[in-house]
Amino acid sequence: MKIALIGYGKMGKMIESIAKARGHNIVCIIDVNNLQDFDSEAFASADVAIEFTAPQAAYGNYLKAFEKNVKVVSGSTGWMKEHGDDVRRMCTEEGKTLFWASNFSIGVAIFSAVNRYLAKIMNGFSQYDVTMEETHHIHKLDHPSGTAITLAEEIIENIDRKESWSLGKLTDPDGNTTVEHTPEAQELSIDSIRRDEVPGIHTVTYNSEADLISITHDAHSRQGFALGAVLAAEYTANHNGLLTISDMFKF
């Protein structure tokens, strides 16, 4: 398969390594210094482009790829609120293809399935309040993480007493903690911590006077995310429309 990379940071380089190891050909690499290569024959020849960039750049990158009829796999977050409806229209009415996930880790996909199932069970036990904490490396600018937001939305869909999520406490790289918001009873509070070089830790906690139940996904490295992105590209090459992890993993 011919793959183009959009974004060539740590994640892009790891994706390149894994894709080559799985027998794929990297035909084009686009970063901030060569955006003109979106118009190259090499980019247009790609079966799939894998995009990991900044939130403010992602939507524009999709449009440039779609112009060349190149399918896109993307892990960029932060664009959905403003451009989600437009992307859905392009994928459902105009024949474009985007596989988007806030997290491509196979482990997170399994964790997400457990999260949904546990939330369905806990909907019947109102004595438990649910909260979340996510921890990431100091270079991550957005908070809460896209993965935390996705997990929170899954909980909200399955627990009637929660209507929305909110950022609770934010702990910055210096260790200073700020209370961003004191949640109402109907809000699911997400605490964010930025520390060292942590690839990503997400914990969902159900707490009552009697006991506490928690589930955690702790990423050891970015390798799981990169492998998942390549697997998504392999899936996307043979599928069309707006695709997600739940399309690729049926659980």
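Please find, among GLU154, GLU209, the residue that is modelled with pLDDT of 95 or more, touching a Lys or Arg at 6+ places or on another chain (Cβ under 6 Å) and either in a helix (DSSP H, G or I) or open to solvent by 30 Å² or more (accessible area, probe 1.4 Å) (or both).
GLU154
Residue-by-condition table, conditions (1) closer than 20 Å to LEU227 by Cα; (2) out of contact with any Lys or Arg (no Cβ under 9 Å at 6 or more places or on another chain); (3) among the aromatic types (Phe, Trp, Tyr); (4) open to solvent by 40 Å² or more (accessible area, probe 1.4 Å):
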{"residue": "VAL48", "(1), (2), (3), (4)": "yes, no, no, no"}
{"residue": "LYS68", "(1), (2), (3), (4)": "no, yes, no, yes"}
{"residue": "GLY84", "(1), (2), (3), (4)": "no, yes, no, no"}
{"residue": "ALA101", "(1), (2), (3), (4)": "yes, yes, no, no"}
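Looking at THR92, THR147, THR131, which one is open to solvent by 40 Å² or more (accessible area, probe 1.4 Å), not small (Gly, Ala, Ser) and not in a strand (DSSP E or B)?
Criteria check complete, one pass: THR92.
For region 212-225, name all the residues that are modelled with pLDDT under 95 and either among the acidic types (Asp, Glu) or not in a loop (DSSP other than H, G, I, E, B) (or both).
Passing the criteria: GLN223, GLY224, PHE225.
How do the pairs read when you match residues in region 224-244 that are farther than 19 Å from GLY12 by Cα and open to solvent by less than 50 Å² (accessible area, probe 1.4 Å) with residues anywhere that are among the hydrophobic types (A, V, I, L, M, F, W, C) and assigned to a helix (DSSP H, G or I), using Cβ under 8 Å and keeping only pairs 6 or more apart or on different chains?
Hits for this filter: GLY241/CYS91; LEU243/ALA232.
When the residues of region 1-34 are narrowed to those that are assigned to a helix (DSSP H, G or I), in contact (Cβ under 8 Å) with a residue 24 or more places away in the chain and among the aliphatic types (A, V, I, L, M), which ends up surrounded by the fewest Cβ atoms within 10 Å (Cβ to Cβ)?
Here the residue is ILE18.
Taking SER112 as the residue in question, decide whether it is at pLDDT 95 or above, hydroxyl-bearing (Ser, Thr, Tyr) and either in contact with a helix residue (DSSP H, G or I) (Cβ under 8 Å, 6 or more places away or on another chain) or open to solvent by 60 Å² or more (accessible area, probe 1.4 Å) (or both).
So SER112 passes the test.
Test ALA54 against the stated conditions and say whether it is surrounded by fewer than 20 Cβ atoms within 10 Å (Cβ to Cβ) and closer than 20 Å to ILE149 by Cβ.
Criteria met by ALA54.
Going through LEU170, LEU118, LEU141, LEU188 one at a time, which residue ends up being assigned to a loop (DSSP other than H, G, I, E, B) and aliphatic (A, V, I, L, M)?
None of the other options fit; the residue is LEU141.
Please specify each residue of region 98-143 satisfying the condition of being of a type in the set (S, T, N, Q) and without any contact (Cβ under 8 Å) to a residue 60 or more places away in the chain.
Listed by number, the residues that qualify are SER102, ASN123, SER126.
Restricting to region 157-180, name every residue that is in contact with a Lys or Arg (Cβ under 9 Å, 6 or more places away or on another chain) and within 30 Å of ALA113 (Cβ to Cβ).
Hits for region 157-180 are GLU157, ASN158, ILE159, LEU170, THR171, GLU180.
The values are calculated or read from the model by the stated rules, or taken from the named source; none is laboratory data. Note that this is a predicted model, so its numbers are computed, not measured. Glycine gets a Cβ as well: all are built from the backbone with ideal geometry, and neighbour counts include every protein chain shown. SASA here: full protein model, heavy atoms, side chains in, ligands and nucleic acids out. Shrake-Rupley method; radii C 1.70, N 1.55, O 1.52, S 1.80 Å.
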